[in-house]
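Here's the structure we're looking at; comments come further down.
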Amino acid sequence: MAQKAPKRWGVSEPISIAQPTSRDHRLTSELEECLHHNNLYETNTGRQLREQVLVELNNIVQAWVTKVSVSLGMPEHDAKNCGARICTFGSYRLGVDGPGADIDTLVVTPRHIDRQRHVFGQVSPESATASTKGLILVDILRATPEATDVVAVPDAYVPIVKFEYRGVEIDFLFAALELSRIPKTFDILDDSVLRNVDDATQRSINGVRVTDAVLQLVPNITNFRTVLRAIKLWAKRRAIYSNSLGFLGGVAWAILTARVCQLYPNASASYLLSRFFKVYDKWNWSVTSQSAPVLLCSISHGNPSMGFKVWSPHANQRHFMPIITPAYPSMNTTHNVSASTLATMKMEIARGLTICEAIESNADKEESENAKRGMEAWQDLFVPSEFFGNFKRYLQIDVYADDSESYKRWKGMVESRLRFLIHKFEDSGLVKYLRPYPEGFSDNPELPAGCGKTFFFGLVIHPPSPASRAAAGAGTRMSVNITVPVTMWKAQVNSWADKTPAMHLQVMVMRSANLPSFVQRLIPASGVAKSSKGVGKKKKRKRSKGKENDVGDATENGVKAKKPRSENQKTGDGDDSGATEGAQATEPKGSDLNVAEVARVENKGSEPITETDGGVAEENGSKEDPEETTAAERLRAMAAAKAAPEKVVNDELVSEIAASHSTTGEVKAINVKLRAHGNQ
């Protein structure tokens, strides 16, 4: 009798159907101990509170729908039975929510409930005379004592109401379906629920449909949840968890995890976690050729009459890392990924693979051997990123406003546009690598208290070509003009129709030695990225006596170099024509001359550095061994070797000025100047 073929999960046969070994079970127990140690699991009390919150919100929604239905002439008996449903999605629905996490919810109602009118209270002219008192859900929530901080965003890409209920953060989305009542047997995965809905409704429904589809497509939900908890913790600690900045969000990480579970349907959680890094370390993601999509099931084209666009690799050539949702209409969850953020994630995946392979290797060693084991070994995977120690240059983006209301609107708008700054730099060809840090900082003392946020990008400049180095000659300064990408991005952001004079934005370039005090706690003990040979004396910093302005007078449209600060020193925007950022030099040791870079602000004239007047420059007096690289550079080189034939170079090197990047008219160049290397 022929042996029954194993069930196929996903779009291909599994890689392995092997059962877990005793070692796999032991490593899984140690992994779970590590996850508990990192406080990733909700307490029983917290879980019960969340369940109670959902019950109470469901009662509020049911009463609201009944009241609206009666006001529209429906008999009370029918109104009570027309139904409404609260569906959860995101981390709560997936079962990986932790203490303090929010609950993503979708309110599903019959077609006679109007989102704009009955949820947000936006009355159309033709219905302006109709009374809506007591019928608007946002007003009902604001009148409910348990609900606080109710914020309605009706014009968002996905209309939403955000609030807290009994201390639990809630996100409410809404979908009125083409149904007269919502039956108890309602199936959100039935494509017919999308019939005649608008784009905003379709986007609102999509989160629930994707989450439910993922849960149906994994072989073992318990193992999936354990691995996903680990992956989410790893991504957050390694600073690659942010959909808006070009990394991945929760949905994308869940789909990647689910696909590995499909490829190893019988594996333990620890083995699945190791295979996660192994599979995606070898996955065909590329910026130069068509990347292979990650699919949990075949792409469904649904009913063409519905008119929804379905993802196609041929129509989306710039999707470098396609991770496709498993519910119709299939969409790419990673359209924000750029060449730089893809390189960052590949680097971190390579690091994760190295650690997991070491854990598996050490598991077979004798106890007497010197090797990390248990929770301590797994904890290495979750060590926070050393972002503030891995770069020699940073961009600092300050977003602030004169009042809290302006700041709330302005911050959200700029945050949603930060990824375009990466695209501007990549398209300019000026940088080799640009890495955003997902977390913004609200404790910058130079910005208005409670009305400012600061973001950082790590910057690696392109190396000069051999021809340009030879033409420049040893000891000749070379510079990179960064005016164009920064100016273009700022113009795009500042063109926002709702921008007011109370909203401000400034971009600064700085050396790692001059990182501000509020990020010092994140600089690793080993210090900022620098040459590994010889740490020399610091030269005295020269600074002209310029007028020091308050932060409120800072040049809004300026792109300026970050000056060194002391605890009691403000950064001035006056005439710092001769200001020096700070310098380090090393003494010659035998035949090994290793001179650290010298950065200088070059500001021609005595006016503040702005987009239309002044410039930024850094100088490099280094003649370093090209083999000297930081740990981060070596990891980047590992990832780049798999992605492209060109190796990632040491970020001491820079490119020459490209004529095509120079500005015209009155706008003067903003340059990062460095000294060219000698004969190499």
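Observations on the model:
- Spin-label pair TYR41/ALA470, simplified geometry with 7 Å Cα→Cβ offset, distance in nm: 6.5 nm
- Exceeding the 24 Å Cα-Cα cut-off - candidates LYS424/LYS499; LYS346/LYS453; LYS392/LYS424; LYS162/LYS424: LYS346/LYS453; LYS162/LYS424
- Rounded to the nearest whole Hz, the Karplus-based 3J(HN,Hα) values (6.51 cos²θ - 1.76 cosθ + 1.60, θ = phi - 60°) of the range 239-254 follow the sequence 6, 10, 10, 5, 5, 5, 9, x, 9, 10, x, x, 5, 5, 5, 5, with x at glycine and proline.
- Proxy reagent accessibility, fewest Cβ within 10 Å first, across MET375, MET478: MET375, MET478
- Neighbour counting of Cβ atoms within 10 Å sorts the residues VAL138, VAL227, fewest neighbours leading, into VAL138, VAL227.
- Using only alpha carbons, the range 44-212 has a radius of gyration to Kirkwood radius ratio (Rg to Rh) of 0.95.
The numbers here are math on the coordinates, done by the rules we state, and not lab data. Given the structure is predicted, the values throughout are model-derived calculations rather than measurements. With ideal geometry, Cβ positions are generated from the backbone for all residues, glycine too; neighbour counts draw on all protein chains shown.
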